[in-house]
Amino acid sequence: MNPLRTIGTGLLRVFSSFRLSVTLLVFLGLLTWLGTLAQVDRGLYEVQKEYFESLFLVHRVGALGIPLPGGNLVLGLLAVNILVGGLWRMRGRKNVSGVIVVHVGILMLFAAGLVKLQASNDGHTTLYEGESKSYFQSYHELELALLRPLADGKIEERTVDGASLAHANPSHPAVVDGQGLPFRVEVTRYFENAGVMPKGPMFDAPTPVIDGVFARPKPREKLNEQNGAAVYVDVIAADGSVQNGLLWVYDAHPWTFDVAGERYALDLRRKRFPMPFRVSLERFRKEDHPRTGMPRWFSSDVTVDSGKSSRLVTIFMNEPLRQDGLVLYQASWGPSNARPGDPLFSSLAVVRNPSDQWPLWGCIVIAAGLLWHFGRKLIRHVSREVARP
Amino acid sequence: MNSIQRTVFAAAVVFGGFLSWSCGHDESPTFSEPLTVENFGTRFGVSTSERFGFSSAPGGASAAGAPAQGPTADAFLYDLPEGWVERAPTSMRLINLGHEDDPRVELTLVLLAGDGGGIGANVNRWRGQLGLAPLPEGEAEGLPTGTLLGETAVRFDASGAYSGMGSTAESDFRMVGLLAIDVAGSAFLKFTGPAALIATELASFEAFAASLRVKDPDAAPGSVGVPPAVSATAGDAASGAPVVEAPEALLPNSKDGLSWTPPSGWRQAPDRQMRSVTYLLGPQGEAECYVAVLGGDGGGLKSNLDRWRQQMGAGPLSSAELAGLERVPSLGGAAVLIDVPGAYRGMSGERVEDALMLGAVLSQTNGGSAERTVFVKLVGPTGTVEAERGAFRAFVQSLEGAQ
């Protein structure tokens, strides 16, 4: 027998088996249960990354580590199982067209999840009245931005993913290649969560003091968005001269340095994503429940400027703005401790998800398949009953 | 392939996936290709104190996210009707007026590049805010016209339950407006409030609209700009008033109504909240001297001195000891000096076993009661502080009221 054919047949049998379906569904249930429990001690973001957006993980029960397949692996195999089992095994069988349509709908749901995982971005753009932005920034992901001011007031910007710096330490700094630049950047220390303090004389700083301040490492916060990362960087020029900087995700402005007569700055910040239009907050309004500080509603009157034309739009709860593949929702406002008369900001959640509507279409396809399948069965049953003497 | 072979095969696939997953995480970071972007308030050359929010300078961390700049109403001239009040403009609401009889009354002028969505869309948006159905297509263009900023404008006048942005509807409201719409730039003048008051003020609105004009007759409405060197910051965002940043030359050795002369060798540290200035002393900056100013008596001389002594592990002062403390002339009065050796315990848990604290407290009075109290405190290892004892005294005596 042809060995390739044997392997091919074996593959098809493995990936189309009901046993694999059941096993994967059990793992999926287990992951959901364990992941939910893990959120008691750890934040949603961290658990989501480890349990669901992973291929493998090790679940800890006391000192015992239990290896498990991650959500990506389980769902990926389940998609293959449905494709092979639902479509290939049913080929040639009669009266299964409705079931095949249902499987196509389920695969659309899987595809929507895959596209969202790989191609979607989400974050927020936060504006005070009168302020404009044409980007939104992630709640979680970081980036290191190298900035150079241009003569026309704009900025030349290069970025590097913050996750690639997370391993940096004095023994093994993360060297960021400065292509075409007269210097290189070395990240010598990375802290996932830190505060920045002025160095007082009565205590020793646990980290280098730069210009009178230092980063004080802090325990990781359960809610990932509350972690304030900090890095120490060395800028090493071609002549070997070194400039040291401290960057913090909550600093108000970047660290500026000069090399070879050119001015640059480094900024550790939440990752930014450009929007194809500019949003300006014209007015933010809210109304509290009587005698409480709890808002009954809040909304943002924004101008959306695409460069060619502008239009006024009101974004309020459950009434998002959809434009150019982005959805802007009214998410929150602040500062929470603002006194009457203080300027308030409005925070708009922004989501770019190319598969935004796919689950809807997938559900429609599934509904159509079920209707077709069971409708035919019903008609056949009724016909038989009518024909029965 | 039997069931054992299938199981082994499946395990091999899973193991292979695990290997590829575990081996794919060792990429060296590289900057992306350069991209030219707009500057949304990023400032270069900002001091460390300002970057991390240790100073009250504009643009500090506490001000992050606040508007960087915006156009002002200065570009327009108008006659303010009697009873109308000016409110802080925003960069969108170049003119923002209210009425002293009812805070719900609003008059705003907004300019947009382009046609802002067109006449029909804007008329129907305003009608929607009043709870009214949209006009049939083309009907908005047939509304009466007026003049706004020298341009022909559609005149809007409707009443209803005003809900603005989805809020609880304010019944019996009226909205009167002028919409000058053009692809080259559009202007929207909108007057909203309780119908009775709007009816009373309608003539004033017409007069206001007629009086409204651009200061520079050569400037198009859409080109209203911001005067150079003027920027609005968080502190003035509420008022909308632009501020001119203070020249750097005013800042050194002078703050909170005080000026002083720092001894040689003292190095100024980044600004700290509640402190006018902080200096670091000694080769490693192991001692610290700071000046703080509090209103009134700052909690009282004795309680403050006792608190300082407690930080050094010493007990409170007796009345006789308090009366016997040395005084030196400073700020037109006499500063009380204190000298406490001991083991220092700071509020943040910092410790110096063999420490010395030198302190000075001076209350400035006005009409017999303390107007403000100045605190000067030097603390650090005994050797370092002893070496600076004379400099500390000179520093206290150098304090003056700033002009």
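The values are calculated or read from the model by the stated rules, or taken from the named source; none is laboratory data. Bear in mind that the values here come from a model prediction, so they are computed numbers and not experimental data. Positions of Cβ are generated from backbone atoms using ideal geometry, with glycine treated the same way; all protein chains shown enter the neighbour counts. Please note that ligands, DNA and RNA were not included when accessible areas were found on the heavy atoms of the full protein model with its side chains. Shrake-Rupley method; radii C 1.70, N 1.55, O 1.52, S 1.80 Å.
Screening A:Thr207, A:Thr303 for residues that are within 11 Å of another protein chain (Cβ to nearest Cβ), of a type in the set (Ser, Thr, Tyr) and surrounded by 15 or more Cβ atoms within 10 Å (Cβ to Cβ) leaves exactly one candidate, A:Thr303. Applying the set (1) at pLDDT 80 or above; (2) surrounded by 18 or more Cβ atoms within 10 Å (Cβ to Cβ) to B:Ala75 leaves exactly one unmet item: (1). Tell me yes or no: at least one residue of the stretch B:26-44 is surrounded by fewer than 15 Cβ atoms within 10 Å (Cβ to Cβ), at pLDDT 85 or above and more than 8 Å from chain A (Cβ to nearest Cβ). Scanning the stretch B:26-44, I find no residue that is surrounded by fewer than 15 Cβ atoms within 10 Å (Cβ to Cβ), at pLDDT 85 or above and more than 8 Å from chain A (Cβ to nearest Cβ), so the answer is no.
Taken as a whole, the stretch B:318-341 holds no residue that is within 14 Å of chain A (Cβ to nearest Cβ) and of a type outside the set (Val, Ile, Thr).
Just one of (1) more than 7 Å from every other protein chain (Cβ to nearest Cβ); (2) surrounded by fewer than 18 Cβ atoms within 10 Å (Cβ to Cβ); (3) closer than 17 Å to A:Ala265 by Cβ fails for A:Leu181. It is (2).
Within the stretch A:125-142, the only residue that satisfies the criterion of being surrounded by fewer than 22 Cβ atoms within 10 Å (Cβ to Cβ) and acidic (Asp, Glu) is A:Glu141.
Every condition in (1) at the interface with chain B (Cβ under 8 Å from one of its Cβ atoms); (2) open to solvent by less than 60 Å² (accessible area, probe 1.4 Å); (3) in a strand (DSSP E or B) is met by A:Ala215 except one, and the failing one is (1). So, restricting to strands (runs of 3 or more DSSP E) that lie completely within the stretch A:309-389, which ones have at least 2 residues that are surrounded by 13 or more Cβ atoms within 10 Å (Cβ to Cβ) and small (Gly, Ala, Ser)? In the stretch A:309-389, the matching strands (runs of 3 or more DSSP E) lie at A:326-334, A:345-352. Please determine whether any residue of the stretch B:91-106 is at pLDDT below 75, open to solvent by less than 50 Å² (accessible area, probe 1.4 Å), away from chain A (no Cβ under 12 Å) and over 19 Å from A:Thr126 (Cα atoms). Among the residues of the stretch B:91-106, not one is at pLDDT below 75, open to solvent by less than 50 Å² (accessible area, probe 1.4 Å), away from chain A (no Cβ under 12 Å) and over 19 Å from A:Thr126 (Cα atoms), which makes the answer no.
Residues of the stretch A:283-308 that are under 28 Å from the mean Cα position of the chain (by Cα) and assigned to a strand (DSSP E or B): A:Phe284, A:Pro295, A:Trp297, A:Phe298, A:Ser299, A:Ser300, A:Asp301, A:Val302, A:Thr303, A:Val304, A:Asp305. Of all residues in the stretch A:309-339, those being away from chain B (no Cβ under 13 Å) and at pLDDT below 85 number 1.
If you scan the stretch B:299-337, which residues turn out to be touching a strand residue (DSSP E or B) at 6+ places or on another chain (Cβ under 9 Å), open to solvent by 30 Å² or more (accessible area, probe 1.4 Å), in a helix (DSSP H, G or I) and farther than 12 Å from B:Val374 by Cα? Of everything in the stretch B:299-337, those that are touching a strand residue (DSSP E or B) at 6+ places or on another chain (Cβ under 9 Å), open to solvent by 30 Å² or more (accessible area, probe 1.4 Å), in a helix (DSSP H, G or I) and farther than 12 Å from B:Val374 by Cα turn out to be B:Arg309, B:Gln310, B:Leu322.
Restricting A:Val176, A:Val187, A:Val249, A:Val231 to residues that are crowded, with 21+ Cβ neighbours inside 10 Å and more than 10 Å from chain B (Cβ to nearest Cβ) narrows the list to A:Val231.
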